[in-house]
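Every number in this text was worked out from the coordinates using simple rules, so none of it is lab data. These numbers come from a predicted model, not from an experiment. Counting neighbours? That spans all protein chains shown, and the Cβs are built from the backbone with ideal geometry, glycine included.
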Amino acid sequence: MSDALAEFDRQLDHLVRLGYPALAGRSESAFRDGLAPLRDVVAARPDADVERGEDHIPFVLVPTGLPRQETTARTALGKQQGFTVLEAGELTTFRPIEGVDVPDGPGYLLFDIDTGTEFLNVTPQDALVKITGDGRSPLTIDEGIALVTARPDMLRKNKCFSLLASRCGDKRVPALWISDRKPKLGWCWNGNPHTWLGSAHAGERVGL
């Protein structure tokens, strides 16, 4: 078994252990069966086990259609459980921005992910221009949660990240950072830079 396939299996097993089948209203076997075809996508990708530095991971499995308060609460740094300051109803108002197409189905793969430390102390609005100009895509809230769920080591002190692909029609930009040693899903203003907050981006989304 390749390292990439072992990583896919690890991520899927981790979601099951965290109770994602129940969140999705499905049995464990139905949850696994719904995402299993994505394993073949990973197997066919020569870049699925290529890491390019400390800010990069090759792929993450992104389950869809789940309550964000619940998925945020299933992130953790060590034994410190994640949380959000956004209400459940408010979280549903954040949707993908124009130009970001999220695949249909119970989940998909996000490839070539970078946590975006090159955008530390750069405003989200300026980071978005550079990311899209480079032919890449910012991350959605669900993708950020999936990233920290699968790889909590990627949420690092003074190297946290905004999720520029999810907006709700105002000037707020969602972000994930560390608060009291816990993952926190909050928001910052579109025009404000922060020395500890970059903007995550990825190369491609592949669905079923």
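Quick notes on this one:
- Selected from 62, 43, 176, residue furthest toward positive end of dipole (region 3-206; charges at beta carbon): 176
- Each Lys and Arg contributes +1 and each Asp and Glu -1, all at the Cβ; summed about the Cα centre of the chain, the dipole is approximately 720 debye.
- Contact order, relative form, for region 91-191: 29 percent (alpha carbon pairs under 8 Å, 6 or more residues apart, mean separation divided by residue count).
- Shape summary: region 1-109 maps onto an equivalent ellipsoid whose semi-axes, from the alpha-carbon gyration tensor, are 24, 17, 16 Å in decreasing order.
- Ranked by the mean number of other Cβ atoms within 10 Å per residue, highest first, peptides 156-165, 53-62 order as 156-165, 53-62.
- Note that region 118-208 shows a convex hull volume over its alpha carbon atoms of 100 Å³ per residue.
- Hits among lysines - C-alpha to C-alpha of residue 79 under 24 Å, sequence gap 8 or more where chains match: 157, 159, 182, 184
- The sum of -39500 (n - 2.57) across all DSSP H runs of n ≥ 4, divided by the residue count of the chain, sets its helix-only mean residue ellipticity at 222 nm to -8000 deg cm²/dmol.
- Mean Cα-pair separation over length for region 3-206, i.e. relative contact order, pairs under 8 Å, 6 or more apart, %: 25
- Every Cα-Cα pair of region 3-206 was included, and the share exceeding 27 Å stands at 23 percent.
- Each principal axis of region 47-141 carries a Cα extent, and these read 33, 32, 29 Å when sorted largest first.
- Taking the inverse of the mean 1/r over every pair of distinct Cα atoms in region 73-114 gives a Kirkwood hydrodynamic radius of 13.5 Å.
- The slack in the chain from residue 33 to residue 80, taken as 0.36 nm per residue of separation less the alpha-carbon distance, amounts to 13.9 nm.
- Using θ = phi - 60° in the Karplus curve 6.51 cos²θ - 1.76 cosθ + 1.60, the 3J(HN,Hα) couplings for region 64-75 round to 10, x, 10, x, 6, 4, 6, 5, 4, 5, 9, 7 Hz; x is entered for Gly and Pro.
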